[in-house]
Amino acid sequence: MQFSQNAVLSCQILAAHPLRTLLSIAGIVVGVGAVVLMVAVGQGAEQRILDRIGRMGSNLITVNAAPARLMIGRYRTVATVTTLTARDARAISEDCPHVVAAVPAVYKSLVVHWEGRNTTTTVIGMGADGFRVRSIPLAAGRPFEAEDDRLRKRVAVIGQTVARNIFGAADPVGQDIRIGRVIFEVIGAARLRGTDATGMDQDDVVFVPLDTAMRRLLNVPYIQTIYVQAGSSGWMDRVERDVRELLRERQRLSEGHPDTFTIQNQHTLIKTEQDTARAMTLLIGSVAGIALLVGGVGIMAVMLMAVRERTREIGLRRALGARPRDIRVQFLVEAALLAGSGGLLGLGIGIGAAVAAARLGGWNAAISWSAAALALACSMTVGVVFGLYPALRASRLEPIQALKFE
């Protein structure tokens, strides 16, 4: 018999038992759908994390004035260290090659007032270059400049969450707000930025000039953070080493003495997040692969049942001249059709579930067509492999014995 005739006959046989056919491909459907869904969710989550890290700035190295400890899977500062100053930032900018800018910053949670409304937010005092280094675009107004910082002007740029909480629908630019006990003029509003990699709201913040924050708001001589921007991504590790050596030298730390600061390399953070997301995707994908194997066992069970039910049919075809190879091809085609239909159905369900999950999660659907094609190919392979034994068993039946079977 021709292959096309085998395919048509197999379709007719499978269509004659729709419930059994559907049950036999259920494992394949679940396996392929789970692979497509989990890979899409994993890649979507990974891309969302990378976008959040990217919104923190490009080629960024963050120096925090405190040692960090591992808490709940993340390094967090646990003490206040007063040894880091604005002069350290200037030294990094001047003495470290391949550094584009080093922006000092201080921050504290304070209450902001406007016409009877108030909100508690994070007030960040930073150098004027911070808007460029940290990739903070403005939706309205202007950022403060180096001259504003030098003159310690009481000007502020507010985030969208702060603007919404205290101004509502009113235009914040040009308004006077009170931060603590000091009056500031709002000269700009930052564009919506969303949350960062740690889940913190980047819009619930007020930016003021560094010297203004240190002298008029916080009355401190030290800083808490330095944002260092490398000239290119290829120099990130070199810049990290140079910054660490310079700060240890300036703070006169002897060999073997632990750092009194923490350096976070943006590339290291990205790699860590990527490795975590990929490990989770691989783990869940492995579980989906087990579902594919279970589906293959289901196909083999159904095919063995079909061999038993169609023993007289096999004997009649052999008596009429069908070769063992024809019988093998017939049953392999049926197994491939079962696996292929299950794979296509699982592919459709997986894509639909991935799109729905992306909409619920608030990110773009990241369908991996290579993973989908691989899952479909694996389903076909599983079907053929698990259908091989029933096909061999059917082809080895002797015509006389098969015709006598009841």
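Throughout, read-outs are computed from the coordinates displayed, never taken from laboratory work. Quantities reported herein were computed from a predicted structural model and do not represent experimental measurements. All Cβ positions, even for glycine, are placed from backbone atoms using ideal geometry, and neighbour counts span all protein chains on display.
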Could you derive backbone 3J(HN,Hα) for segment 97-106 from the dihedral phi with the Karplus parameters 6.51, -1.76 and 1.60 (θ = phi - 60°), listing whole Hz in sequence and x where the residue is Gly or Pro?
x, 6, 9, 7, 7, 10, 10, x, 8, 10
Spin-label point model (7 Å from Cα, Cβ direction): what's the residue 171 to residue 253 distance in nm?
4.9 nm
Length gained when the stretch residue 381-residue 113 is fully extended (0.36 nm per residue, less Cα-Cα span):
89.8 nm
So, in nm, how far is label residue 182 from label residue 241 when the simple model puts each one 7 Å beyond its Cα toward the Cβ?
4.0 nm
Between residue 374 and residue 98, with labels modelled 7 Å along Cα→Cβ, what's the label distance in nm to one decimal, could you check?
3.3 nm
Give me the extension gain from residue 279 to residue 356: residue separation times 0.36 nm, minus the current Cα-Cα distance, reported in nm with one decimal.
25.4 nm
Length released on extending from residue 201 to residue 297, taking residue separation times 0.36 nm less the Cα-Cα span
29.6 nm
In terms of the alpha carbon gyration tensor, root eigenvalues a ≥ b ≥ c, rounded if a/c is under 1.5 and otherwise prolate when a/b exceeds b/c or oblate, segment 85-198 is prolate
